[in-house]
Amino acid sequence: MDAELRERLIVAANDLDPEAVYYLDTVQPRVIRVRDGRTDWPQLTPEAVEDDEARFLDAPIVITSGEFVWMSDFAAEHPEKRVKGFLDGRKGAGPRFLKRLAKNAPEVFAEWEQFRSERVIELVDDWILRLERA
């Protein structure tokens, strides 16, 4: 897979819009975004993309539970003990963790963003590797 297509998959995986769905077109290598009954390629309808599972593969996504695991790993590995205290196990812990980091430790929040970015790249690269081996 070429670098530009890989980068588009990374951007797609980083999209926090819960209404957007991304696909990899295996015939014309490109990433397709579907949202609000439209695609970002006007010649393609959402139905054509969603119904042709052989051609259009679900692009890798970051799921909430996976991201929470990343937050847990980050907090556990971080040398500042206070970071662990920002993450609790209650419902909504992820958004609270990020809010607490941003408010109380902006420098650690920047570290989190770098950590997350690296995990997203790993997620996409693993997905590409599985695809290429199939």
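The values are calculated or read from the model by the stated rules, or taken from the named source; none is laboratory data. Since this is a predicted model, take the numbers as computed values, not measurements. Here the Cβ positions follow ideal geometry from the backbone for every residue, glycine too, while neighbour counts run over all protein chains shown.
Brief remarks follow.
- First in the stretch 87-111 and under 15 Å from SER65 (Cα atoms) and touching a residue at least 12 places away in the same chain (Cβ under 8 Å), second anywhere and part of a loop (DSSP other than H, G, I, E, B) and not acidic (Asp, Glu), Cβ under 9 Å, 6 or more apart: ALA93/LEU87; GLY94/LEU87; PHE97/PHE86; PHE97/LEU87; LEU98/PHE86
- Among the criteria (1) at pLDDT below 90; (2) over 27 Å from ARG130 (Cβ atoms), the one GLU111 does not fulfil is (1).
To keep it simple, each residue is scored yes or no on (1) under 22 Å from PHE115 (Cβ atoms); (2) modelled with pLDDT of 95 or more; (3) among the hydrophobic types (A, V, I, L, M, F, W, C).
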| position | (1), (2), (3) |
| --- | --- |
| TYR22 | no, yes, no |
| ARG30 | no, yes, no |
| ARG33 | no, yes, no |
| VAL62 | yes, no, yes |
| GLU80 | yes, no, no |
| VAL83 | yes, no, yes |
